[in-house]
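Here is the structure we will look at, set down as structure tokens.
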Amino acid sequence: MKYQTKYEELIRKCAVSADLSGALALMGWDQETNMPKGASERRASQMATLAATIHEYNLKEIYPLVKDLASVWDELESVARLNVLELKRELDKAQKLPTEFVSLMTKTSSETQFAWEKAYKANNYAEFAPYLEKMFVLKKQEADYYGYTTSPYDALLDSYEQGLTSSMVTTVFEQMKPELKQIIEKVQQSEPISTDFLHQKIDKEKQWQFTMKVLEDMGFDFSRGRQDISTHPFTTSFSMEDVRVTTRVDEFDLSNALYSSIHEGGHALYEQGLLTTNYGLPSGQACSLAVHESQSRIWENNIGRSLPFIEYYFIDLQQLFPDNLKGKDPLQVFEAFNVVKPSFIRTSADEVTYHFHILTRFEVEREIMENRLKVKDLSEFWNAKMKEYLNLDVKEDNQGALQDVHWSMGAIGYFPTYSLGSFYAAQFFAKANQSIPDLNNQIKAGQFLHFKKWLNESIHVHGKLYPSEVLCQLVTGEQLNVNYFLSYIKEKLSVVYGWT
Ligand code: CO
């Protein structure tokens with residue numbers, strides 16, 4: 001009984017911490033959508049202060065309670081036990097970083113992002129390299145603080161995906177590489193598919209309206225969230241009752257707004273699907289970045305780029321964009337949305353070549369963290385990989401090593417979760433099809449509620465009570481198995497390219 005009181009105190013304090021995090025997230029959302037330019041420096045310091053306050057609150061107020069409760073964990077009921085053990089794992093890790101180091105990292109991250117923006121505009125990697133060098137020095141120091149057995153890179157990977165190691169990612173990619181290469185070769189020997197009609201002028205307002213309709217159909221709850229415009233689409237959540245997505249609208253590319261909204265909508269449904277009664281606790285938080293990405297990818301690709309989905313929306317599309325779709329049928333739109341073609345920019349890459357973009361970034365990070373590559377030689381290494389994997393000659397730094405913001409923010413070890421997300425998505429989708437045998441017909445009729453409910457009940461409801469591999473086992477009955485992705489993509493491309 002006395003533990004019960006202590007656990008209730010823990011719940012209260014976790015809610016306080018979540019309140020603070022919600023305020024921080026709101027500041028971040030505002031920064032990307034509405035904030036006047038002149039506020040950027042002060043906002044950065046306000047956010048850094050709040051982040052440090054949360055870090056301190058968690059260590060001073062929550063950590064001691066967690067340690068007490070963890071020592072009697074076998075006397076707690078099962079969900080309380082899992083919450084306590086997960087909090088302990090996180091705080092054990094967090095307390096390894098000295099406060100001065102956290103501040104230094106926050107400050108360096110702001111400076112490095114600023115340097116990245118400048119170098120990106122100047123299209124010059126060499127300008128950025130000294131700043132990135134400093135960032136990698138700090139990340140190696142961070143890995144030392146955390147500790148590791150085999151590779152310092154493992155300590156960073158674990159921050160985004162519990163238990164993920166450099167050798168695990170290498171194994172997955174070694175398995176995928178020849179398969180994906182073969183698919184790309186097969187595509188290159190096939191008849192090319194025209195996508196011109198998707199790149200004529202398309203009314204921006206109508207595109208926006210269409211994305212709002214699709215979000216609503218997916219089951220996005222607009223009474224507990226909203227959509228806005230930003231340069232880089234993202235999802236953020238202040239609580240389960242307020243989940244924000246952003247999209248970007250490109251006048252000459254319908255797929256940009258549509259698939260950004262669906263992707264972020266998938267992330268948002270996960271956040272809205274967490275149980276409000278678990279606010280602030282691991283059981284009320286998303287499992288991991290890879291599982292989060294699986295929720296966006298499953299809607300974007302497995303659902304949104306499927307033929308039944310396009311069949312359902314074809315009438316809307318034709319009414320909204322009659323000039324663009326004149327004389328087209330759903331199959332042609334489906335084919336155009338699924339073209340596989342090597343390109344320089346990760347965020348607009350297709351479902352197959354995408355993973356070579358991730359593999360390149362993973363190899364860069366691994367080689368630098370394991371001291372086999374110097375930051376100053378990063379761009380050259382990158383370009384050689386793009387040539388090897390996608391036969392592309394990178395000529396501009398901002399089409400190559402400078403294209404992503406992640407490294408400047410210190411997000412090293414993050415990229416692999418993007419590929420893992422697609423692989424989990426395919427595996428979850430196969431299971432969803434088993435559980436809802438009629439799913440294809442439901443999609444074709446624009447009925448997404450069963451599918452959303454399945455995601456709610458199979459994945460969202462568990463929050464962060466289990467690591468991703470345990471959750472995957474629970475949902476699908478087996479560990480992550482990349483063959484689901486391979487058979488999904490081969491089956492789809494057979495239709496797209498008419499392979500027999
Ligand atoms: Co995403």
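The values are calculated or read from the model by the stated rules, or taken from the named source; none is laboratory data. Quick caveat: nothing in here was measured; it's all calculated off a predicted structure. Here Cβ is always computed from backbone atoms with ideal geometry, including for glycine, and neighbour counts include all displayed protein chains.
Remarks
- Within the range 445-476, tally of residues that are without any contact (Cβ under 8 Å) to a residue 40 or more places away in the chain and not in a helix (DSSP H, G or I): 1
- With respect to (1) touching a residue at least 40 places away in the same chain (Cβ under 8 Å); (2) away from the ligand (no atom under 14 Å from the Cβ), the lone exception for ASP350 is condition (1).
- Within the range 50-62, the presence of at least one residue that is surrounded by fewer than 16 Cβ atoms within 10 Å (Cβ to Cβ) and polar (S, T, N, Q) is confirmed.
- A count restricted to the range 445-475 and to residues that are crowded, with 20+ Cβ neighbours inside 10 Å and among the β-branched types (Val, Ile, Thr) stands at 2.
- Candidates SER458, SER435, SER422 - the one that is within 15 Å of the ligand (Cβ to nearest atom) and either of a type in the set (Val, Ile, Thr) or assigned by TED's automatic domain parsing to the domain that holds ILE489 (or both): SER422
- If the condition is being surrounded by fewer than 24 Cβ atoms within 10 Å (Cβ to Cβ) and within 11 Å of the ligand (Cβ to nearest atom), then the range 282-292 contributes LEU289, HIS292.
- Qualifying residue in the range 204-217 (condition: within 16 Å of the ligand (Cβ to nearest atom) and of a type outside the set (Val, Ile, Thr)): yes
- When the test is whether a residue is surrounded by fewer than 15 Cβ atoms within 10 Å (Cβ to Cβ), assigned by TED's automatic domain parsing to the domain that holds ILE11, within 23 Å of LEU275 (Cβ to Cβ) and without any contact (Cβ under 8 Å) to a residue 12 or more places away in the chain, SER78 passes it.
- Per the listing ASN302, ASN324, the residue uniquely surrounded by 24 or more Cβ atoms within 10 Å (Cβ to Cβ) and either outside the structural domain of VAL482 (by TED's automatic domain parsing) or part of a helix (DSSP H, G or I) (or both) is ASN302.
- Within the range 124-136, at least one residue is closer than 20 Å to GLU365 by Cβ, assigned to a helix (DSSP H, G or I), charged (D, E, K, R) and modelled with pLDDT of 95 or more.
- Just so you know, in the range 407-419 the residues that are within 14 Å of ARG366 (Cα to Cα) and among the small types (Gly, Ala, Ser) include one that is farthest from the ligand (Cβ to nearest atom), and it is GLY413.
- Inclusion of LEU307 among residues that are aliphatic (A, V, I, L, M), more than 16 Å from the ligand (Cβ to nearest atom) and surrounded by fewer than 21 Cβ atoms within 10 Å (Cβ to Cβ) is warranted.
- Subset tally (residues that are charged (D, E, K, R), free of Cβ contacts under 8 Å to residues at least 60 places away in the same chain and part of a strand (DSSP E or B)) for the range 199-241: 1
- Scanning the range 161-197 for residues that are buried (at least 18 other Cβ atoms within 10 Å of the Cβ) and over 17 Å from VAL496 (Cβ atoms) turns up GLU161, GLN162, LEU164, THR165, SER166, VAL169, VAL172, PHE173, MET176.
- Considering only residues in the range 233-264 that are closer than 12 Å to GLU32 by Cβ and among the hydrophobic types (A, V, I, L, M, F, W, C), the one that is farthest from the ligand (Cβ to nearest atom) turns out to be VAL245.
- Residues within the range 249-281 that are closer than 30 Å to GLY463 by Cβ and charged (D, E, K, R), tallied: 2
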